[in-house]
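The values are calculated or read from the model by the stated rules, or taken from the named source; none is laboratory data. Predicted model only: the values in this text are computed from it and were never measured. Every residue, glycine as well, gets a Cβ built from its backbone with ideal geometry; the counts of neighbours run over all protein chains shown. Surface areas here come from the heavy atoms of the whole protein model, side chains and all, with no ligands, DNA or RNA. Shrake-Rupley method; radii C 1.70, N 1.55, O 1.52, S 1.80 Å.
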Amino acid sequence: MASIALCGSSLWKSPQITSKTFIQCNNLSESLKCKDNGRPVVPGRDSNGRQSAALPSFLTTSNQFVDSILVPKGDTRLRLFSGTANPSLSQEIACYMGLELGKIKIKRFADGEIYVQLQESVRGCDVYLVQPTCPPANENLMELLIMIDACRRASAKNITAVIPYFGYARADRKTQGRESIAAKLVANLITEAGADRVLACDLHSGQSIGYFDIPVDHVYGQPVILDYLASKMICADDLVVVSPDVGGVARARAFAKKLSDAPLAIVDKRRQGHNVAEVMNLIGDVKGKVAVMVDDMIDTAGTIAKGAALLHQEGAREVYACSTHAVFSPPAIERLSSGLFQEVIITNTIPVSEQNYFPQLTVLSMANLLGETIWRVHDDCAGGFEPYASLEID
């Protein structure tokens, strides 16, 4: 079965790798494996939904940032609400922050219309709405807009849309005539609905930040993946980081720099249509190496699967796939579980249904990173924020 790893924030201290023989990263923290062969576990409950005896240690460890300096956990000015797109991630964020999720009623009428009602007062509060626009993208986006509108009409002081996965970010430019730039349209919708700020994770391209006329906090999921890779003790001399296409070179270069300044290889890919990729060539040496392919998302897995096949042809010993967003549109599962990959490492910005688990899959939690970011945004603090906010790729 797949494995679910809950990765702690960099504030949670763990043993550091001291030997120069193995890969190292700047934000190493211990990765914890949950029980039941990867079955998702809601914090505080076991895999069957019953109350568990203890939470994972990183969730029970006190939040040093909050406890020592800034915001008391009982601060009633901060309210956290979850949409229906990824409630398990929202619960993990709330658990890390020491808060209860706000009470909200969300339902759909028979004709598909969405109804939202806040069931507690948010007057004068800083409200954070956790809702990725993952599939079904349009329904989840509309739900987010209505949640924002409900908070605005309830006199919330500030409304922050926490969007772990911003689905329309790929439509960020015109590559052909008469195309829509949907990323700008969706940014306008979120702004006009009443959001004061957006917290997004691993946007498809950095320029999407400029489409918003409100502040955007852009955090990266790569530190969570870096921590996990460092724990695998791969020999640094055997490692090469691979970009699956030319457009991801900056992301892969920053990733390689964090992994003991590993060498870089690039897959030259020519795309013939949407969700259709053709691999043409490999730039770099991967013979006898452990290749780590890095991308921001895996959709149909066509790009990364063909890239992995090319890496094996060029003599790579093992291939790892690392991605923040697991969209997993068909036939992604078949391609990823075909034996090309030693391990497929993703995060839980998008929920993965149990029927989509496969033996090579590892899911890391983004809860600590997002929870810590929310605390710091709430208290207008930028100090010590670099490990979360930047991989030097903007």
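I'm trying to understand the selection: among the residues of segment 344-362, which are assigned to a strand (DSSP E or B), surrounded by fewer than 23 Cβ atoms within 10 Å (Cβ to Cβ) and out of contact with any Ser or Thr (no Cβ under 6 Å at 6 or more places or on another chain)? Before you say what the answer is, go through the steps one by one.
Of segment 344-362, the ones assigned to a strand (DSSP E or B) are 344-347, 361-362.
Filter again for surrounded by fewer than 23 Cβ atoms within 10 Å (Cβ to Cβ), leaving 362.
Passing the criteria: none in range.
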**Request:** Can you give me the number of residues within segment 290-304 that are over 15 Å from V319 (Cα atoms) and more than 21 Å from the chain's Cα centre (by Cα)?
**Result:** 0
**Request:** Being without any contact (Cβ under 8 Å) to a residue 40 or more places away in the chain and either surrounded by 14 or more Cβ atoms within 10 Å (Cβ to Cβ) or not small (G, A, S) (or both) narrows it down to one of R317, R270, so name that one.
**Result:** R270
**Item:** Residue identified as farther than 30 Å from P330 by Cβ, touching a helix residue (DSSP H, G or I) at 6+ places or on another chain (Cβ under 6 Å) and modelled with pLDDT of 90 or more among A262, A254
**Value:** A262
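Identify, please: which residue in segment 223-248 is among the hydroxyl-bearing types (S, T, Y) and assigned to a helix (DSSP H, G or I) and is, among those, modelled with the highest pLDDT? Steps first, answer last, please.
Narrowing segment 223-248 to residues among the hydroxyl-bearing types (S, T, Y): 228, 231, 243.
Checking which are assigned to a helix (DSSP H, G or I) leaves us with 228, 231.
Details: Y228: 94, S231: 89.
In this case the residue turns out to be Y228.
Residue by residue, here is whether (1) within 20 Å of the chain's Cα centre (by Cα); (2) farther than 25 Å from S353 by Cα holds:
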position	(1), (2)
G221	yes, no
S243	yes, yes
I266	no, yes
G288	no, yes
K306	no, no
**Item:** Sole exception among (1) under 20 Å from T362 (Cβ atoms); (2) open to solvent by less than 10 Å² (accessible area, probe 1.4 Å); (3) of a type outside the set (V, I, T) for S243, by number
**Value:** (1)
**Request:** Just need a number here: residues in segment 363-382 that are surrounded by fewer than 20 Cβ atoms within 10 Å (Cβ to Cβ) and among the small types (G, A, S).
**Result:** 1
**Request:** Would you mind telling me which numbered condition in (1) in contact with a strand residue (DSSP E or B) (Cβ under 9 Å, 6 or more places away or on another chain); (2) surrounded by fewer than 24 Cβ atoms within 10 Å (Cβ to Cβ); (3) closer than 22 Å to A171 by Cα P330 fails?
**Result:** (1)
**Message:** Which residue is least open to solvent (accessible area, probe 1.4 Å), if the candidates are limited to segment 65-99 and must be modelled with pLDDT of 95 or more and among the charged types (D, E, K, R)?
**Reply:** E92
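Does Y228 qualify as being open to solvent by less than 20 Å² (accessible area, probe 1.4 Å), in contact (Cβ under 8 Å) with a residue 24 or more places away in the chain, under 30 Å from G102 (Cα atoms) and among the aromatic types (F, W, Y)?
Values: open to solvent by less than 20 Å² (accessible area, probe 1.4 Å): yes; in contact (Cβ under 8 Å) with a residue 24 or more places away in the chain: yes; under 30 Å from G102 (Cα atoms): no; among the aromatic types (F, W, Y): yes.
In short, no.
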**Those strands (runs of 3 or more DSSP E) lying entirely in segment 114-222 with at least 1 residues touching a Ser or Thr at 6+ places or on another chain (Cβ under 7 Å), open to solvent by 40 Å² or more (accessible area, probe 1.4 Å) and closer than 30 Å to C322 by Cβ** = 197-201
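Answer with yes or no whether A161 is touching a helix residue (DSSP H, G or I) at 6+ places or on another chain (Cβ under 8 Å) and small (G, A, S).
Numbers: touching a helix residue (DSSP H, G or I) at 6+ places or on another chain (Cβ under 8 Å): yes; small (G, A, S): yes.
Considered against the rule, which asks whether it is touching a helix residue (DSSP H, G or I) at 6+ places or on another chain (Cβ under 8 Å) and small (G, A, S), A161 comes out as yes.
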**Message:** Where the second residue is of a type in the set (F, W, Y) and surrounded by fewer than 18 Cβ atoms within 10 Å (Cβ to Cβ) and the first is more than 18 Å from S82 (Cβ to Cβ) and lies in segment 100-126, which pairs have Cβ atoms under 8 Å and are six or more apart or on separate chains?
**Reply:** F109/Y115
